[in-house]
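One structure is given below, encoded as structure tokens.
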Amino acid sequence: MAVEVGSQAPDFTLNDYNRQPVSLSSFRGEKPVLLVFYPFAFSGTCTGELCQLRDEFDDYDGRVQVLGVSIDTVFSLKTWAEQQGYQFPLLSDFWPHGEVAKAYGVFNEGSGMALRGTFLIDKDGVVRFAEVNQPGEPRDQSAWKKAVSELPA
């Protein structure tokens, strides 16, 4: 079951594509976080979604920290980020395999991948928006953009 709106977001520390640790709690009190789980780097739907996020990055007006999370290795994520020009961290939930995705209720045991889960977490660590899309079901980014725009300044 996915983490629900109004609940405390599970904290985690994962390595980004530069093998640097990134903790959710490091943003507490500083900046809300848009946590975007996706199945696999280099896949068509995931590339389209993250490229849209990249292309519309200014729409967030610096109001949130975007963090992408998948079960890919840091090496795959680095190559993908460089190829696509992503300006937000991509975090590796590779090992222990999918542990953060499991904590958020978006790990697909049958395929060993994260579902398309999107969570907006406020400065206090509370989930303000949550949506989970099944495999093959792309996200409508307008829903989370609306949620970001409704965050207190």
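Only the coordinates and a few stated rules stand behind these numbers; no lab work does. Values in this document were obtained by computation on a predicted structure and should not be read as measured data. Note that we place each Cβ from the backbone using ideal geometry, even for glycine, and neighbour counts take in every protein chain shown.
Some notes on this structure:
- In straight-distance terms, cross-link reach from LYS123 covers every one of the lysines whose alpha-carbon lies under 21 Å from its own, apart from those fewer than eight places away in the same chain; here that gives LYS31, LYS145, LYS146.
- In sequence order, calculated HN-Hα J values of segment 39-48 (Karplus, 6.51, -1.76, 1.60; Hz; x Gly/Pro): x, 8, 4, 6, 7, x, 5, 5, 4, x
- Residue separation of GLN87 and ARG63 scaled by 0.36 nm, minus their Cα-Cα distance, works out to 7.2 nm of gained length.
- The chain: antiparallel DSSP beta bridges as a percent of all, rounded to 5: 70
- Under 15 Å from LYS78, Cα to Cα: aspartates and glutamates that are on another chain or at least 8 residues apart: ASP16, ASP93
- Computed across the chain, the Kirkwood hydrodynamic radius from all distinct Cα-Cα pairs reaches 15.2 Å.
- Secondary-structure-derived ellipticity at 222 nm for the chain, considering helices only, amounts to -7000 deg cm²/dmol, per-run term -39500 (n - 2.57) for DSSP H runs with n ≥ 4.
- Proximal charge balance of LYS102 [Cβ under 12 Å; K/R count +1, D/E count -1]: -3
- Stretching the chain fully between SER149 and ALA103 yields a gain of 13.9 nm (0.36 nm per residue, less the alpha carbon separation).
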